[in-house]
Structures are given as structure tokens and as C-alpha cells.
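Here's the structure, in C-alpha cells; my notes come after.
Each reported figure results from applying straightforward, stated rules to the coordinates on display, with no laboratory input. If you're wondering where the values come from, they're calculated on a predicted model, not measured in any experiment. Cβ sites come from the backbone with ideal geometry, for glycine too, and all protein chains shown count toward neighbours.
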Amino acid sequence: MSRAITETMVRVEDVHKSYGRAATAVHALRGVCLEVRRGELVALKGRSGSGKTTLLNIVGGLDTPDRGRVEVDGLDLAGLDEDGLLALRRDRVGFVFQSFGLIPILTAAENVGVPMRLRRTDPRAREERVQLLLSLVGLADHAAQRPGELSGGQQQRVAVARALANDPALLVADEPTGQLDAETGHAVMELLRAVVHGDHPSGPPAALVATHDTTLLDLADRVLELRDGRIAGH
Ligand SMILES: Nc1ncnc2c1ncn2[C@@H]1O[C@H](COP(=O)(O)OP(=O)(O)O)[C@@H](O)[C@H]1O
Ligand SMILES: [Mg+2]
């Protein structure tokens, strides 16, 4: 096995997160530990309210834990200020959300280009990469269409391409198939799997995908379950 496959991209140790105060506090996470390696797609299951979104947001640098340690791509997130977290989200994490999150007035190509604009990638390199990514997700012929002119499955493919724009170390997907029919959802999950298992110049990313669609769990390399704020069986 090559070194790239075994490299730990996400390390979560004893993470706690509560919302609210005292008697009315909701303890969303109560000591979560997990690891995800490069080239590995880990599915996170658990009923609604079990803390999946909270955990993904913390791992992706969108939220901070009350306690515990989170490392992404070898970086201890506790050591990052707001700018550092911004750079983490821009440069090392690709997000895919249930509701796609595309910008309606931009074309598919422009949406995919947004993260590269934020990083001030040279326009020519950006255009080339946009074409490459749209081809990768099977939408080369739809580059000029706006989200409203695409199906849900196509929109989510654009979102996956956008998530890959800056060659992230980690893909975070929160119920990425939640708004899609079963067949389309399966295709999107297969796409995520192909991305994580594919060839990448700088090594494959890791992926952490929250889903409560049990039919998709077969496509994961590993399935973890959140229950009562902890990973079940740990
Ligand atoms: N911003 C918030 N304020 C208060 N409570 C929250 C907030 N976000 C999540 N929660 C609570 O934390 C728990 C976990 O929520 P969440 O992480 O969204 O779970 P899941 O994604 O598995 O459905 C739930 O009880 C939810 O109501
Ligand atoms: Mg959720």
C-alpha cells in the first residue's frame, strides 16, 4: 500500500459541543473520536439530531468545538484564528451541501471557478481547471447553463466540481443526496467515491459524508454511526 493511502487527513479526538446554557443545553457531541485517511470515503450515519452536521461543521472549520482536538491535513484547528479558518476552508476543504449552494446568477462554469477566484488563481489556469472538473463530473456540455437550468443531480455535480476546485485534502458532504431521488443520489455518491478513489496529482482527498440514506452506505469504505453524541461502538 502506498504511503498516500495511509496518511491520516482527519483526526478528531474527544470533541465536545453543546448549544445553549445550563439546564437547557443541548449536548450535540459528547466525546467524538475518529480518523479518516487519504483516499478513504467514510460515511457518517445517525438519526436526525444525532450531531452529524455539528461534527462536519467542526471538522470543516465552520464551527469550533467546546473541547477536544481536531486536525485536518496535519493542521491543528485550535491554533487557527478567523483568517486561518478561512484559509483552511478555501484551500484544504471542499464542501458539498444538501441544498447544492450554487450561486443562481452564475453559470455552472462560473460557479466551479468561484473558489479559484477567491484564491486569485491565474485566469487561464482557472478556465482550464474548470473545464477539466466539469468533464470529470460529466457536465462538459453544460458549462454555460445556470443552476436553474440544470436538474438537481446536475446541480449537485456542479457542487462536487466546485468542491474540488482547489484540490482539497478533505471533502465534507452533508446529506449530499438528501434532495435527490434514489437513482440520482446513488450516482452522486458514486461520483464522490470515484473522486476519492481516483488519481490526483497531489494525492487523493479524504471524504466524510453524512447520510441517513442506508442504501448509500455500501459505497463507503467505512461507516461510522453517531449515537447520543458519540461514535457508536467506541
Ligand atoms: N445552532 C444551534 N443551536 C442550538 N441547537 C443546535 C444548533 N445546531 C444544532 N443544534 C442541536 O444539536 C443537535 C445535533 O444537531 P445536528 O448536528 O444538526 O444533527 P444532525 O445533522 O445529525 O441532524 C440537535 O439536537 C440540534 O437541535
Ligand atoms: Mg444534519
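A straight chain from Tyr19 to Cys33 at 0.36 nm per residue would run longer than the Cα-Cα distance by 3.1 nm. The length gained on full extension between Asp228 and Arg124, counted as 0.36 nm times the residue separation minus their Cα-Cα distance, comes to 32.6 nm. For the options Asp181, Asp73, Asp14, a Gaussian network treatment of the chain with springs between C-alpha atoms closer than 10 Å singles out Asp181 as fluctuating the most.
Suppose R0 equals 41 Å. What FRET efficiency, 1/(1 + (r/R0)^6) with r the Cβ-Cβ distance, do Ser135 and Leu86 give to the nearest 0.05? In this case the efficiency is close to 0.90. The phi-based Karplus calculation (6.51 cos²θ - 1.76 cosθ + 1.60; θ = phi - 60°) puts the 3J(HN,Hα) values of segment 94-110 at x, 9, 10, 10, 4, 9, 6, x, 7, 8, x, 7, 9, 6, 4, 4, 5 Hz, whole numbers, x for Gly and Pro. With helices as the sole contributors, the chain gives -9500 deg cm²/dmol at 222 nm; each DSSP H run of n ≥ 4 counts as -39500 (n - 2.57), and the sum is divided by every residue. Largest GNM mean-square fluctuation across Val158, Val12, Val93, computed for the chain with C-alpha springs under 10 Å, falls on Val12. In plain terms, the chain is cut at each of the trypsin sites (Lys or Arg not before Pro) found in a DSSP loop with at most 11 other Cβ atoms within 10 Å, and the longest leftover piece is 121-234. Taking label positions 7 Å along the Cα-Cβ direction at both Ser48 and Asp76, the computed distance is 3.9 nm, reported to one decimal.
DSSP assigns beta bridges within the chain; of those with both partners inside it, close to 50 percent run antiparallel. Positive end of the dipole of the chain (Cβ unit charges, origin at the Cα centre): among Ala182, Gly31, Pro104, the Cα lying farthest that way belongs to Gly31.
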